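See structure below.
The values are calculated or read from the model by the stated rules, or taken from the named source; none is laboratory data. All of these numbers come straight from a predicted model, not from anything done at the bench. Note that we place each Cβ from the backbone using ideal geometry, even for glycine, and neighbour counts take in every protein chain shown.
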Amino acid sequence: MIELNQLPGMCKDQWIKYRWNRNYDNPYPEHDFEIYFQPKKITKIVPMDIAARNAIEDICNTYKNKKIYLAMSGGVDSEYIARIMIDMKINFVPIILEVDTWNKLDVWWAYRWCKKNNVDPYVLKISLSDLLLKSISHAKKYCTRKPTGPTGLNFCAEVARQNKGVLITGTGSHELYIPDPIMTEEANDLTLKNKIGYVFSEADLLKHLLMPDMPCVFYNWTPEITLAYIAARNPDKTTEENRFGIFNCLPRPKMGEPGPKGYKNFSNSTSQIEAILTYKIFTHLRFDIGISDSFYLGTKEQLINLFTNYENI
Amino acid sequence: MDYDSLPGFGKDQWIKYRWNRNYDNPYPEHDFEVFLRPKLPSEIVTLEIAADNAAQDICNTYRNKKIYLAMSGGIDSEFVANILLKNDIAFTPIIFSVDDHNLLDTWWAYRWCKENKINYKNITISIDDYFRNMIEIAKKFCAKMIPGSPAAQYCANLARENDGILLSGCAFNELYIPDPIMPDEANDPTLSDKTGYIHSEIEIVKAMLMPDMPITFLNWNPEITLSYIISRDPNKNTEENRFDLYKCSPRPKTALPIPYHFFENDNRIKGWYQLWHDIGTTTSYYLGTSKELINLLTKR
């Protein structure tokens, strides 16, 4: 077994280590992938706004002389980052990705935010077929089940790369408090049965695999911001309500990424043959390989202990 | 013109209409006409007061009837819900879904009901049934603009079965081009260079489908109609005006219970889409400028 510190990592100083286990020779490993938080020093609990400002400052220092791009989906996660950057007077370019009319109701929020804050976004328009075909190639390459969201972001990263910039996204580990309206997949995941706390999603790991040169997992950029969110979360509220409150953003629903079901609904607007073929491959991969899309990180108490206790460092 | 003989809707049928398009005459001079016929001049009051008055008046008019409110998740129906709640009027929201196509809209309606601890009724139908219904309505009336009408019809049926009436956040629309939510109106030659207010075909179709229901809450009487016109800030677009006037959290809207991308390509409704483009000239009737309407509604 390779030692943890020899594993590849992500985020600041690669403090999050990971191991990707699923492959075509072993499509059902014990863990599809593993994530290990390896903070190097004790972390203090600070309010979310302070942790977010520190993370942004740190990203700016780490990627000095690079233009900052922010993928704005219209969700509260990316809007919060945008607001903090505006408050800090950091020059950045929001990227709004439009996938045909699929995410029209999501990006409405991003356009609205840009208009209200007099910020010109970079608008990237792609077709749903392009997104899905590219997603299929990523699914094949990484033997992954959830390629669509990361693939969309990789289109944005390409814009950043071409302009000598870096891409920030509103990505981070997720809470797991079942039942929760936005956690239907986790509720049916056998590896997460009877667990509460935090999970890392396969899609977020894939974002790093596709964009290792980008600080794309903002909400886990440092142990400090990871801990700040965990400490701030109110266990009596759902995930959505927590985020509306912690990020101080207007409430909204989210379409999210186009999945197999949604693509079926959408197939009439693209080439039928291409749509059906893509859909079949996509669905096949999604349900026939691997066991879980999530890696369980621990309870809130375990994670707070991990970040704040000397014995763990 | 003998307006009294025309069908109407709103309180005391103060809004009269004439439906002119049919299979013998698919291109009449006006596809339909709408006439505002207030019996008395209206006082100018705030939108909130006018809405309170309209809610009380509907309760008195339909005494002993249960009140149902079609809640799409949009701010118009949420505004009506807030008014009913504020006036202690018992009502049941109806949340209508077409499979999961409008879940980003209904999210708001569910959220409102949860936050206000109001029990709701749910209607979910398949997209096949929705299309079937839509085409039947289009055929029956020789109508073009009908995508929202099956939803209203399902809700009205539920209200009827329970000895109730159906309210909705429907009303006539402002016309201030360019406006992000008015691409159809921007390309309508009959509205070229006009600003002010229009009545949409879909509201007339709803009135023809459910003449027994006071569905157009925001045009229930001349007072609430006038108060909206007066309150509108011409420097803001329609969406922003409504967010402010209704004091609701902003949001986008699918507008129809099914996403627009189905229309052009889906075999199940291609025929209807063809009908949309091949009959009639317009889906709107121009009512007048803001000034003209204020004059009409306030004159003695």
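One table, with the values for the structure above:
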quantity	calculated
Answer residue from the range A:89-106, given it is under 20 Å from the mean Cα position of the chain (by Cα) and under 26 Å from A:Cys60 (Cα atoms) and is nearest to the other protein chains (Cβ to nearest Cβ) among those	A:Ile96
Single unsatisfied condition, A:Ser173 versus (1) modelled with pLDDT of 95 or more; (2) in contact with a Leu (Cβ under 7 Å, 6 or more places away or on another chain)	(1)
Subset of the range B:112-125 that is touching a residue at least 40 places away in the same chain (Cβ under 8 Å) and within 14 Å of chain A (Cβ to nearest Cβ) - its residue that is surrounded by the fewest Cβ atoms within 10 Å (Cβ to Cβ)	B:Cys113
Positions within the range A:158-200 being in contact with a helix residue (DSSP H, G or I) (Cβ under 9 Å, 6 or more places away or on another chain), polar (S, T, N, Q) and more than 22 Å from A:Ile96 (Cβ to Cβ), in sequence order	A:Ser173
Filtered residues of the range A:140-151 (kept if under 19 Å from A:Cys216 (Cα atoms) and either touching a Phe, Trp or Tyr at 6+ places or on another chain (Cβ under 8 Å) or surrounded by 23 or more Cβ atoms within 10 Å (Cβ to Cβ) (or both))	A:Tyr142, A:Thr144, A:Lys146, A:Pro147, A:Thr148, A:Pro150, A:Thr151
Any hit, the range A:66-73, residues being assigned to a loop (DSSP other than H, G, I, E, B) and either among the aromatic types (Phe, Trp, Tyr) or farther than 27 Å from A:Ile230 by Cβ (or both)	yes
Elements of type helices (runs of 4 or more DSSP H) contained in the range A:202-300, each with 3 or more residues being at pLDDT 95 or above and either within 14 Å of another protein chain (Cβ to nearest Cβ) or under 29 Å from A:Glu34 (Cα atoms) (or both)	A:202-210, A:223-232, A:239-247
Filtered residue count, the range A:1-37, keeping only those that are farther than 22 Å from A:Thr169 by Cα, assigned to a loop (DSSP other than H, G, I, E, B) and of a type outside the set (Lys, Arg)	15
Residue list for the range A:13-60, filter: within 19 Å of A:Ile304 (Cα to Cα), touching a residue at least 24 places away in the same chain (Cβ under 8 Å) and basic (Lys, Arg)	A:Lys40, A:Lys41, A:Lys44
Residue match in the range A:143-166 (condition: at pLDDT below 95, more than 12 Å from the chain's Cα centre (by Cα) and among the hydrophobic types (A, V, I, L, M, F, W, C))	yes
Residue list for the range A:62-119, filter: buried (at least 23 other Cβ atoms within 10 Å of the Cβ), at pLDDT 95 or above and out of contact with any strand residue (DSSP E or B) (no Cβ under 9 Å at 6 or more places or on another chain)	A:Trp109
Filter result for the condition that a residue is under 18 Å from the mean Cα position of the chain (by Cα), part of a helix (DSSP H, G or I) and either away from chain A (no Cβ under 14 Å) or more than 29 Å from A:Asp106 (Cα to Cα) (or both), over B:Ala143, B:Ala109, B:Ala152	B:Ala152
Candidates B:Leu40, B:Leu85, B:Leu36, B:Leu69 - the one that is surrounded by fewer than 22 Cβ atoms within 10 Å (Cβ to Cβ), within 21 Å of the chain's Cα centre (by Cα) and either farther than 16 Å from B:Phe172 by Cα or free of Cβ contacts under 8 Å to residues at least 12 places away in the same chain (or both)	B:Leu85
Residues (within 14 Å of another protein chain (Cβ to nearest Cβ) and either within 17 Å of B:Leu167 (Cα to Cα) or part of a loop (DSSP other than H, G, I, E, B) (or both)) located in the range B:80-105	B:Ile95, B:Asp99, B:Asp100, B:His101, B:Asn102
Leading residue by the ranking (modelled with the highest pLDDT) among those in the range B:186-222 that are surrounded by fewer than 22 Cβ atoms within 10 Å (Cβ to Cβ) and of a type in the set (Asp, Glu)	B:Asp212
Residues (part of a loop (DSSP other than H, G, I, E, B), touching a Gly at 6+ places or on another chain (Cβ under 9 Å) and not basic (Lys, Arg)) located in the range B:30-79	B:Asp31, B:Tyr62, B:Met71, B:Ser72, B:Gly74
The one condition in (1) within 14 Å of chain A (Cβ to nearest Cβ); (2) part of a helix (DSSP H, G or I); (3) at pLDDT 90 or above that B:Glu264 fails to fulfil	(3)
